[in-house]
Each structure stands twice: as structure tokens, then as C-alpha cells.
Amino acid sequence: MKRSLGKIIFLWFINTTLAWGTTYQWSVVESPILLHVNQSGMVRYACTYDGSASEYSIKMHFVENSNYTASILSQEDKIIQGKRIQTIDVLVTPNVAGDFELNGNAIVSFTSLGAVENTVLGRDNVGKNDVIETKVALPSVKIHADENSMALTGKMSLEAHVDQPSIRGYEPLHLTIRVKGSGNLDQLLPYELNISGVKIFAELPQKSISPSSVGYEGEIVQEFALVAQESYTIPPFSLSFFDTVTKQVVTLKTKPIVVDVGEGYEPSSLLDTPKVGDTTAFKQYGMYTALVVFGILLGEMVRRLWKHRPRRKRKHFWDEAQSSKELILLLALSGDKRFDEVIRGLEVGTMSLGEGKRRLEEV
């Protein structure tokens, strides 16, 4: 179906009027004045429009700088008294001491009504004039960073405990180390343990942390299994960090844990040796072995049948996209924040259309 020239001119006039009629203003709502090296702080930017401005979207970019690192923490969008306000929280961490300025840019995109219509109807004829992008310099933020030689900063706690104080020889003992608090917990290195005469099995730390205005919050748990024949002592563990509340270096240390190892298990207490000529026990062992083999064969057969079962492919709204531009518009109109990483990859060209759809299946 052909679109009339009059309709095209009308839509162009409406889009141009909206693009130039809506104004917005950037401001810094909240920012730290003083930080220490490796201490994170939150800078909150706000973009206030003079209307609902539903056709606008924002992408932020910070210039790489060796003095600090900056990353987007969260973004909030709300309407107050008919005006749209976009709030963006940025996490900034000084790398060196001294004064520095946090500089960044925002790309404000205006999507025309014609582009929205084409996207909804599944057309791939979005022109460069349908999306208007404006580069805006964000208000600069001046921050002073004090000296700090500690790699960890924040407010943390340390504890270590075992599941039982006494065990028998060669019985495993479970040791748990737990670090809780806030700060740059993501920089915490795994603990190492070495005790003479003790066989140690260590697991990777399990991190249950989430981004916050001070870096990360939550806890990190690391577990060990210790096996020994004689009694031993678990040495104390320590944790040193710069306390951002007291502005002092704090060193936490656990108490030594004495483990009492008793006599080990005797083979005679674990198995009863069958009498010579008594075939009952051997028959039972043979039956148990046959059952185990039958279970293995049955499991393998079920596994192969399950592998070749018919599968129904789940349909998604982005399956009909025929180009990267069309996929970007579909994802942007959905408003789902989980698609932001795929949108960025498609925009900068580091991700193809097929790869983008595969990544969406994993979101």
C-alpha cells in the first residue's frame, strides 16, 4: 500500500515541531565532594523535560580517564506534574589522589512518529531523518580524592567457624569464612590456607553482592574441607580495609580454631568379612551389581530418548526483525532494561543481527 504525499508531509511537520518544541535541562542532583582512593561514590544526574517527552531516550558516555573509573549504576524514569524526569545514577571511584573533574556526554535521541509507525508495521525503511540524535555535555562534577594505600574500602565484618570442634581421623571438617558489609567487595581476594599435615580442599568464593551507592553491598562466603589424622590448629584470618566511616585503617582478625582429631575408623567396624563357603553374601552383592548395571543402562536409554525428543521453539517478538536497525527499534520500544546491552552492541557494530538474537535468548 502506497503512502500519500500529503500524509508524509504532515507527519514530517508534526515530527519536526515535536523535535524543536520539547526542551530539556540537565542538572546534578547529588554528588560527593570528598572521596578516598578506591572509595566509590554516587553522582546523580537528572534530565528534566518540559512535557511527557515520550519520543526521547538517553545514552550516557564517560570519557576514559586514568584518574577515576565511572559506570552507570541505575536509571529511573518518572512523570511529575506532567513533566518527564530521567534520573541516572553514576558510580565513580578515584584511582589517584588529588582533584579531578567527572566529565561525560549524553546522546539524546528523538524518534519520529513515522519511525515508530514503520516499526510497529514491521517495515525496514527507517531513514536517518527519523531519528535525531543530539550530543550534550553533562554538567561537570568536581571531586577531591584523599590518599589511601588500602585496596579495600568500606565497612566490613569478618567471621570464621567450623561445623564441629572435634572429629575422628580422616573425617572431613567444614570451615566457612564469611565477609559482610559494603564498599568495593568485588575486589576481595580469595583466602588461602596451608596447615602442615592437613589435606585442604578449597572452593571458589560465592559472592552475593549487588551494586549500591557506595560500591557493592552483601556478603562473600568461602568454604574449605579439611582432612587430617592428628589434631591441628586453624590459624587466624585477617581482613584489612579503609573504614570510610571512621576514616581509619581497620584490621579484623579471627581467633585460632583448635581442632581435636580422635581415633580413626577401624576397617572391622565398617565391614563384616563373609565366611568362607557362605555364598549368600556373594549372591546379594551380585544382585546389587546387576541392579546398578540395569539402572545405568536404563538411565542411558532415557537420556538418549530425551535428547531426541521433539522441541517446540519459543516465539519472540524480535524474531521478525530483518536488520539490526529494526531489532534496535523493537527492543527500545519494549522499554525492558535487560535489552540495553544488546542494543548497545548493535548500535556500535560489535554485535551482528544473528548474534543479537542469540544473546536475547539468554536474557
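Readers should treat all values here as calculations from the given coordinates under stated rules, not as data from a laboratory. Note that this is a predicted model, so its numbers are computed, not measured. Reconstructed Cβ throughout: ideal geometry from the backbone, glycine too, with neighbour counts over all protein chains shown.
FRET efficiency for Q248 and E223, Cβ-Cβ distance as r, R0 = 35 Å, nearest 0.05? List each step's numbers first, then the result.
Working: r = 31 Å, r/R0 = 0.88.
Efficiency at R0 = 35 Å is approximately 0.70.
Amide H neighbours of T153 under 5 Å, counting only residues 5+ apart in sequence or on other chains, H built in-plane at 1.01 Å?
N184, F242
For D319 and L204, calculate 0.36 nm times their separation in residues minus their Cα-Cα distance, and state this gained length in nm to one decimal. Let's see the in-between values first.
Values: separation 115, 0.36 × 115 = 41.40 nm, distance 3.86 nm.
Working it through step by step, the gained length comes to 37.5 nm.
Hey, can you grab everything whose amide H is under 5 Å from the amide H of Q39? Only 5+ residues off in sequence or another chain; H modelled, so Pro and N-termini drop out.
Those lying under 5 Å, H to H, from Q39: there are none.
Sequence-distant or interchain residues sharing an amide H contact under 5 Å with E171, placed H: which?
A228
Could you state the per residue volume, in Å³, of the convex hull enclosing the Cα atoms of the stretch 153-267? Intermediate values should be presented prior to the final figure.
Working: hull volume 10.8 nm³, N = 115.
Given the Cα convex hull of the stretch 153-267, per-residue volume reads 94 Å³.
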